[in-house]
Amino acid sequence: MTHIAGRPYLAIPGPSVMPDRVLNAMHRASPDIYAGELPEMMAGLYDDLRAVARTRHGVAIYIANGHGAWEAANSNMFSPGDRALCLITGHFGEGWARWVEPMGVEVERLDFGRQNAVDPERVKAALRADRGGRIKAVLMTHVDTTTSVRNDIAAVRAVIDEVGHPALLAVDAVASLACDRFEMDEWGVDVMVCASQKGLMTPPGLGFVWISRKAREACVASRLRTPYWDWTRRAEPEEFYQRFGGTAPTHHLYGLRTALDMILHEEGLDAVWARHEALAKAVWAAIEGWDGPGGAHDIRLNIADPALRSHAVTTVRFRAPYASKLREWVQTHAGVTLGIGLGMSEPGVESTHDHLRIAHMGHVNAHMTLGALATLEAAMKGLGVAHDAGGLSAAAQALVGSIGGVHDKL
Ligand SMILES: *Cc1c(COP(=O)(O)O)cnc(C)c1O
């Protein structure tokens with residue numbers, strides 16, 4: 001069965017599903033960048049970017065993806081010979097470390113494996129051991145999109161404060177912003193990086209760096225800063241063009257304007273977080289239901305503790321090579337594209353063969369997530385992958401639980 005009819009569903013963890021309204025907002029003639037609607041729109045856009053990150057501090061926008069936002073943050077934070085303490089809970093934590101190392105920054109890695117969250121005690125020990133105070137910043141992901149682990153940012157802040165170490169806390173929230181609760185100021189985050197194409201529901205092309213006042217002051221003398229990446233003028237411009245180091249990403253800004261309207265002013269951030277949590281719980285219930293009591297079928301959520309699981313994406317392990325076969329099946333027969341496993345496997349096994357990822361980030365609702373799960377169950381039946389009955393029913397029940405239980409029984 002082909003899927004020429006109906007809408008295809010890209011359920012990979014970025015780019016996410018783009019709302020038609022966002023795309024339509026971009027479909028327009030080029031606006032004037034010197035006067036009129038676009039420049040006038042900027043103050044409100046920056047207010048809303050602060051609101052979505054729960055901060056009163058500034059934000060710099062770049063024409064870039066998440067990797068560009070990493071480089072922007074790196075360039076502003078470090079001088080050659082500084083040290084970065086990189087907390088690694090998956091491929092993207094390792095990615096940030098690999099991105100900063102060639103810039104001449106010394107990297108100290110704390111790797112917590114692929115199924116665990118950051119252990120703040122190890123961070124504390126590493127900071128205590130840094131007697132020379134060479135660690136300029138702690139770099140960590142909020143959600144690592146490959147393992148689907150969600151780290152406790154406030155707990156890391158607490159140990160930095162306990163040790164009394166001056167290091168900045170820099171957080172990659174590319175996968176989690178506007179999906180999982182994120183509280184920049186309350187959690188004491190100094191620098192946060194994000195990109196447009198995940199929870200922010202805007203096509204890839206905008207990178208963001210939020211900057212606390214403390215970070216701005218601690219980094220004034222950083223010597224890796226180059227003119228294009230310099231966050232100073234972008235966050236506090238004297239002229240409009242300085243916000244973007246050149247021509248503004250005009251159409252993306254209109255898309256982002258609409259996306260932030262939807263997130264903040266229509267649904268509301270609390271409701272957005274609650275929706276992601278409800279969909280995540282439905283996915284977890286399906287996986288646990290298929291695995292069956294005692295885990296007979298070897299269909300596993302990568303992160304055992306629900307408190308440490310992302311609400312934006314779920315990484316699942318199947319026996320190799322089922323994961324790639326299942327992805328192929330739902331793609332071919334159901335028009336659903338699931339995420340590949342990335343950086344997960346034992347040596348000798350391709351991650352794509354024994355892991356897949358189900359995204360539930362951004363512009364998604366219950367029928368999309370339950371639909372993706374139902375096609376996955378069809379794929380298991382089609383391919384003869386052993387599983388327990390009841391996964392879908394458990395997902396439906398979990399959803400009802402999130403919505404508020406069975407009410408008004410007829
Ligand atoms: C997607 C992602 C990135 C990389 O973003 P790109 O836009 O692909 O460069 C970095 N970190 C995390 C946690 C991500 O999910």
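Here are a few things to note about the model shown:
- Check on L256, buried (at least 17 other Cβ atoms within 10 Å of the Cβ), at pLDDT 95 or above and over 28 Å from H355 (Cα atoms): yes
- Exactly one residue out of D230, D185 is within 16 Å of F78 (Cβ to Cβ) and acidic (D, E): that is D230.
- The residue pairs whose first member lies in the stretch 204-230 and is free of Cβ contacts under 8 Å to residues at least 24 places away in the same chain and away from the ligand (no atom under 16 Å from the Cβ), whose second member is part of a loop (DSSP other than H, G, I, E, B) and open to solvent by less than 80 Å² (accessible area, probe 1.4 Å), and whose beta carbons are closer than 9 Å, counting only pairs six or more residues apart or on different chains, are P227/G245; Y228/G245; Y228/G246.
- Residue within the stretch 141-153 that is more than 16 Å from the ligand (Cβ to nearest atom), among the aliphatic types (A, V, I, L, M), part of a helix (DSSP H, G or I) and modelled with pLDDT of 95 or more present: no
This table checks each residue for (1) part of a helix (DSSP H, G or I); (2) open to solvent by less than 10 Å² (accessible area, probe 1.4 Å); (3) within 16 Å of the ligand (Cβ to nearest atom).
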residue	(1), (2), (3)
G14	no, no, yes
Y34	no, no, no
M41	yes, no, no
L45	yes, yes, no
R56	no, no, no
S75	yes, yes, yes
W96	yes, yes, yes
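- Those residues of the stretch 351-408 which are touching a residue at least 24 places away in the same chain (Cβ under 8 Å) and β-branched (V, I, T), in sequence order: T352, I358, V364, T369, T375, V385, I403
- Flag for L87 being within 16 Å of the ligand (Cβ to nearest atom), within 22 Å of D180 (Cβ to Cβ) and out of contact with any Ser or Thr (no Cβ under 6 Å at 6 or more places or on another chain): yes
- Scope the stretch 290-335; condition within 21 Å of Y9 (Cβ to Cβ), in contact with a helix residue (DSSP H, G or I) (Cβ under 9 Å, 6 or more places away or on another chain) and part of a helix (DSSP H, G or I); matching residues: W290, Y322, A323, S324, K325, L326, R327, E328, W329, V330, H333, A334
- Enumeration of residues in the stretch 158-203 that are at negative phi and touching a Pro at 6+ places or on another chain (Cβ under 8 Å): A158, V159, A175, A195, S196, Q197, K198, P203
- Residue in the stretch 382-394 that is under 12 Å from L279 (Cβ atoms) and open to solvent by less than 30 Å² (accessible area, probe 1.4 Å) present: no
- D354 touching a strand residue (DSSP E or B) at 6+ places or on another chain (Cβ under 9 Å), under 17 Å from F318 (Cβ atoms) and of a type in the set (D, E, K, R): yes
- Count of the stretch 328-366 residues, restricted to those that are among the charged types (D, E, K, R) and closer than 26 Å to Q397 by Cβ, is 1.
The values are calculated or read from the model by the stated rules, or taken from the named source; none is laboratory data. As the structure is a prediction and not an experimental result, all values here were calculated from the model. For neighbour counting, all protein chains shown are included, and Cβ atoms are generated from backbone atoms with ideal geometry for every residue, glycine included. Note: areas computed on protein heavy atoms with side chains; ligands, DNA, RNA excluded. Shrake-Rupley method; radii C 1.70, N 1.55, O 1.52, S 1.80 Å.
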